[in-house]
């Protein structure tokens with residue numbers, strides 16, 4: 001599936017070819033801390049299928065992620081939007097894109113969940129909470 005996206009302020013833009021079946025929810029404590037919420041939704045794309053169209057992301061090296069691996073977290077240096085993560089190696093094999101940055105985010109449905117041992121217990125009750133279509 002052809003996807004495109006970018007940061008909140010428009011300084012960074014990218015396009016890629018993604019397999020929607022790779023979309024997942026990550027409950028690891030790193031994702032919780034870096035997003036400031038309970039989880040993050042990701043989709044993986046091969047590096048050869050990812051093209052940066054505009055701007056240059058800033059990069060932060062997480063020296064030991066929950067997985068035990070070194071991970072690069074890329075974000076917009078102007079607005080701070082989290083864009084992707086990748087292996088801390090030359091020529092990484094793939095990018096894990098943040099679904100919230102995609103123009104097609106409503107077409108990417110998570111197919112699995114990772115690090116459920118770290119999932120917040122209150123997530124199970126979300127469907128029963130009252131909701132508003134818009135916040136007045």
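Rule-based calculations on the coordinates, nothing more; no lab input. Keep in mind the model is a prediction, meaning the values are calculated, not measured. Cβ atoms come from the backbone with ideal geometry, glycine included; neighbour counts cover every protein chain shown.
Classification of the stretch 36-113 by its C-alpha gyration tensor yields a rounded form. The axis ratio a/c (a ≥ b ≥ c) stays under 1.5.
Note on residue 120 and residue 104: the model spin-label points, each 7 Å out from Cα along the C-beta direction, lie 2.9 nm apart.
Over all directions, the projected convex hull of the C-alpha atoms in the chain averages 9.2 nm² in area. Label positions at residue 48 and residue 29, each projected 7 Å from the Cα along the C-beta direction, are separated by 3.8 nm.
When both bridge partners sit in the stretch 2-118, DSSP labels roughly 90% of those beta bridges antiparallel.
Note on the stretch 107-136 and the stretch 1-80: Cα centroid distance 20 Å, given to the nearest whole angstrom.
When the chain is treated as a GNM with alpha-carbon contacts under 10 Å, the residue of 86, 64, 101 showing the greatest mean-square fluctuation is 64. Where in the stretch 26-67 is the amide nitrogen less than 13 Å from a point lying 7 Å along the Cα-to-Cβ axis of residue 78? So the set is 54-58.
Comparing 23, 87, 33, which has the greatest mean-square fluctuation in the GNM of the chain with Cα pairs linked when under 10 Å apart? The residue with the greatest mean-square fluctuation here is 33. Note: relative contact order over the chain, using C-alpha pairs below 8 Å and six or more positions apart, is 29 percent.
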